[in-house]
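Engineer: Let me begin by handing over the structure; questions about it come next.
The values are calculated or read from the model by the stated rules, or taken from the named source; none is laboratory data. Nothing here was measured: the structure is a model prediction, and the numbers come from that model. FYI the Cβ positions are ideal-geometry reconstructions off the backbone, even for glycines, and counts take in every protein chain you see.
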Amino acid sequence: MKKMLNILLVLMLTVSMVACTSNTSNTPPATLTATAKSAAPAQTEASKSKLEDKIVIGDWGGVWNEMAKTEVYAPFHELYPDTEILSDFPGSSGAILAKIEAQKGAPQMDVGLMTELMTVKAIRANLLEELDESKVPELADVVDIARMENYGPAVLLGEVGIAYNPKLVKTPPTCWADLAKPEYKGMVALPDIANTSAILFLCQVAKNNGGSENNVEPGFEFVKSMVDNVVTTYGGDADIQQLFEREEVAIAVWWNGPALSAKQNGMSIEYVRPSDGAPAVRSFINVVKNCPHPNAAYRMVAQYVSEQGQTGVVDKVNYGPTNKNVVVPSEKTAFIATGKDLEKLTSFDWGVIADNSGNWAEIWNKIFG
């Protein structure tokens, strides 16, 4: 059982909220030469203390890092030109956590970006600083759902919803309950239970049917009720995109960001934020406990949740902003929650999920095995 849980938790890290690149733990961080593209925001009182000569960031690679270089690191460099930015790419959020844990006796990393699951594990292991909010007054602009009590804010808001092909679906679903309707027989794809999206879907339908993450049995009963509608389960974003392209599925439980990217690339895809709750997926930035460059670390937290940084998340990564001042373009609002739609986003206790997801995987696989 423990082996299965460990495998599951590792696989869950591969969700495609960002494209990541790998590096070995012995490879030194890469130096970023940032070129500011616009005027940086004015310094606050909390930002005026002299920063250290460098900062090391446990970062994701791929499209996320490309965004961060122009929308986060360049403005930071303009504000603090004497602070060298070193970006460390251990790989996934799990790899970032492993590196922080390996360096616990002598931390080298100052801040780390991690999924909610890995953040919870890091907090349990006493690897992260409790955030001194007086040092990040910019938190006043962060939406409530992007906050974690005592710790750093989320740097993106993803969500799990329903994607569909409008050419094949005459009457699109509006809520999770609709997925069990007979009219969708053989049309639906669900993510494999190794995906965070499947875990959150299960928690959400459990909640909608009288349960919760502490009692997912009502969720499994709902899943069983829609088995005839499920044509397949899929592994990752590339898999579900191919299924949509070949018109082998018409409806899927999917992330909003990849669904929007698929639509932008010409696929026939629309997205529904279910009226009975869309699970929010949050990834956080935190200051590493006893890090060597704490002043710079706090300023980097602020920069990530700045209006410019969060606009970059919307424009270049297709996920929701955590800064309430960011305006989501009208052509993206069907996919990215804003305003009152944020009230439809739900959250769950990742501590409970971490403790139970191995058992849930066994039940799920018996249904779809």
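Engineer: Going through segment 102-143 one residue at a time, which ones are under 11 Å from Lys289 (Cβ atoms), charged (D, E, K, R) and out of contact with any Phe, Trp or Tyr (no Cβ under 7 Å at 6 or more places or on another chain)?
Structural biologist: Lys104, Asp110, Glu129
Engineer: Could you list, ordered by first residue, the pairs with Cβ atoms under 7 Å in which the first is in segment 309-338 and within 14 Å of Val155 (Cα to Cα) and the second is buried (at least 18 other Cβ atoms within 10 Å of the Cβ) and aromatic (Phe, Trp, Tyr), at least 6 apart or interchain?
Structural biologist: Listed by first residue and then by second, the contacts come to Val313/Tyr319; Val317/Trp64.
Engineer: Residues in segment 314-357 that are surrounded by fewer than 20 Cβ atoms within 10 Å (Cβ to Cβ) and in contact with a Gly (Cβ under 6 Å, 6 or more places away or on another chain): how many?
Structural biologist: So the count comes out to 1.
Engineer: Continuing with the same structure: Can you pull out every residue in segment 235-251 that is closer than 22 Å to Ala334 by Cβ and either touching a residue at least 24 places away in the same chain (Cβ under 8 Å) or in the same structural domain as Lys316 (by TED's automatic domain parsing) (or both)?
Structural biologist: Within segment 235-251, the subset closer than 22 Å to Ala334 by Cβ is 237, 240-241, 243-245, 247, 249-251.
Matches in segment 235-251: Asp237, Ile240, Gln241, Leu243, Phe244, Glu247, Val249, Ala250, Ile251.
Residue by residue, here is whether (1) assigned by TED's automatic domain parsing to the domain that holds Thr196; (2) among the aromatic types (Phe, Trp, Tyr); (3) buried (at least 19 other Cβ atoms within 10 Å of the Cβ); (4) under 22 Å from Val72 (Cα atoms) holds:
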| position | (1), (2), (3), (4) |
| --- | --- |
| Met118 | no, no, yes, no |
| Arg124 | no, no, no, no |
| Glu133 | no, no, no, yes |
| Ala146 | no, no, yes, yes |
| Asn150 | no, no, no, no |
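Engineer: Still on this structure: Among Trp254, Trp360, Trp364, which is under 19 Å from the mean Cα position of the chain (by Cα), in the same structural domain as Tyr164 (by TED's automatic domain parsing) and surrounded by 19 or more Cβ atoms within 10 Å (Cβ to Cβ)?
Structural biologist: Details: Trp360 fails: under 19 Å from the mean Cα position of the chain (by Cα); Trp364 fails: under 19 Å from the mean Cα position of the chain (by Cα).
Answer to the check: Trp254.
Engineer: Cβ-Cβ distance below 6 Å, separation of 6 or more or different chains: which pairs start in segment 259-284 with a residue that is small (Gly, Ala, Ser) and end on one that is in a loop (DSSP other than H, G, I, E, B)?
Structural biologist: Partner pairs satisfying both residue conditions: Ala259/Ile269; Ser261/Asn318; Ala262/Ile269; Ser268/Asn165; Ser268/Lys167; Ser275/Thr174; Ser275/Cys175; Ala280/Ser347.
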